[in-house]
Amino acid sequence: MHGKKDKNKPGNKVGSRAPVGKRNEKSAELPGKPPFFGFEKIPLATEEERAQSTPSFEAKKNVQTLETPRGPVHIENYCPVDKLEPLTVDDGICMFSRHNPERQKRALLHVARSEGGNVVAATCNGVLVGYIGVHHPSEGERWGKPGYSWLFELGAIEVSRNFRESGMSMAMMHAAWDDPFYEDKVALTTAFTWHWDLEATGMTKLEYRELFIELAGRFGFMEMSTDEPNVTMDAANLFLVRLGKNTTFSQYQKFASLLFTDEWEAMLRGF
C-alpha cells in the first residue's frame, strides 16, 4: 500500500501536506535557498486590465465521485457543517490530529464555520477519508493582517492511510482550486516536515518535499522565500504561494511586505 508511486497519478499518496514517491539519488541533497518571484514571472493583472475583464469570481461548487479499490469516494468543496458533523473520521487520518480523529473533525468544523472557510471533504459510506482546509490565515500569524481579505491559506491536506494510491489528493486539489473565486486572491501554504507521514510511507523528507512541490505546482503554487521562523527551522520545509491570474500588483506588493522582518534581507530580495 505504501511502497510504490503510480507515475500517472502524482501526489496520490498524500499523508498530510505532502505526497510521497519513489526514492531517487537527489533525496540526500539539501534544497537550496528558496527563490523569490522575479517580476517578469508574476502572473499579475493591472488594475485597468482587471477592470476591463468581467470574469465571475463567485465561489463554484465542485462535486465528483472518485472510484477507488475500497469503494466510491464522494468529493465536495465548501462542505457544509451539517454534512461534516455526522461523519465519522477514518482511523487512517492521523497526522495533524496526532491519532485523535475527533480532534481533526472539530478543526474542520471550525474552518467550515469561519468566514471564507472552505473544507474539501472526501467521504466513503459516511466516513471522512480525506480533506483539504482553505481559510484566512490566523490573526496570530504574520499573514493574518486586517484588511487582507484577499489572502488565503491552504492549511492542510490529508488522505487516510487506508485510501492512499487512489488519486484522491489530485482530485481534492482540483475540487479546491478549479474555482474562479481564488483567481483574484493570493493563497499561501506552509509545509512542515513534522506533519509528513514519513513513518507509514518509508520516504525521506526531501522526497516528500519534491513531490509536494510537483503536486501543488500543478495548481499554480510556487516556492517563495520568507524568514518566517517555522519555515526556516528545517531546510526541507516549504513555503509556497499561489497568485490568481487576476491578482493585482498592489496585492502582490502588500503580500510581499510580509515576507521578511529583516529589512536588509527584504532589500536584497527586492521587497
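Tabulated data for the structure shown
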{"item": "Qualifying positions in region 197-249 - out of contact with any helix residue (DSSP H, G or I) (no Cβ under 7 Å at 6 or more places or on another chain) and among the polar types (S, T, N, Q)", "result": "Thr201, Thr226, Asn230, Thr232"}
{"item": "Among the residues listed as Val63, Val73, Val111, the single one being touching a strand residue (DSSP E or B) at 6+ places or on another chain (Cβ under 7 Å), under 30 Å from Glu139 (Cβ atoms), modelled with pLDDT of 95 or more and hydrophobic (A, V, I, L, M, F, W, C)", "result": "Val111"}
{"item": "Tabulated pairs, region 76-89, first in contact (Cβ under 8 Å) with a residue 40 or more places away in the chain and in a loop (DSSP other than H, G, I, E, B), second surrounded by fewer than 19 Cβ atoms within 10 Å (Cβ to Cβ) and not aromatic (Phe, Trp, Tyr), C-beta under 6 angstrom, 6+ apart or interchain", "result": "Asn77/Asn62"}
{"item": "So Ile132, is it surrounded by 17 or more Cβ atoms within 10 Å (Cβ to Cβ), in contact with an Asp or Glu (Cβ under 9 Å, 6 or more places away or on another chain) and within 22 Å of Phe239 (Cβ to Cβ)", "result": "yes"}
{"item": "Pairs, first under 12 Å from Phe255 (Cα atoms) in region 144-171, second of a type in the set (D, E, K, R) and surrounded by 18 or more Cβ atoms within 10 Å (Cβ to Cβ), C-beta under 8 Å, six or more apart", "result": "Trp150/Asp184; Trp150/Lys185; Leu151/Lys185; Phe152/Lys185"}
{"item": "Filter pass, Glu48 being over 21 Å from the mean Cα position of the chain (by Cα), modelled with pLDDT of 60 or more and over 25 Å from Arg242 (Cβ atoms)", "result": "no"}
{"item": "Residue within region 194-202 that is surrounded by 24 or more Cβ atoms within 10 Å (Cβ to Cβ), closer than 24 Å to Val63 by Cα and among the aromatic types (Phe, Trp, Tyr) present", "result": "no"}
{"item": "Of all residues making up region 85-101, the number that are in contact with a strand residue (DSSP E or B) (Cβ under 7 Å, 6 or more places away or on another chain), surrounded by fewer than 20 Cβ atoms within 10 Å (Cβ to Cβ) and either of a type in the set (Asp, Glu) or farther than 23 Å from Leu198 by Cα (or both)", "result": "2"}
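Quick grid of which residues meet (1) more than 12 Å from the chain's Cα centre (by Cα); (2) under 20 Å from Asn77 (Cβ atoms):
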| site | (1), (2) |
| --- | --- |
| Gly167 | yes, yes |
| Ala171 | yes, yes |
| His174 | no, yes |
| Asp184 | yes, yes |
| Tyr208 | yes, no |
| Leu238 | no, no |
| Arg242 | no, yes |
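The values are calculated or read from the model by the stated rules, or taken from the named source; none is laboratory data. Everything numeric here is computed off the predicted structure, so don't read it as measured data. For neighbour counting, all protein chains shown are included, and Cβ atoms are generated from backbone atoms with ideal geometry for every residue, glycine included.
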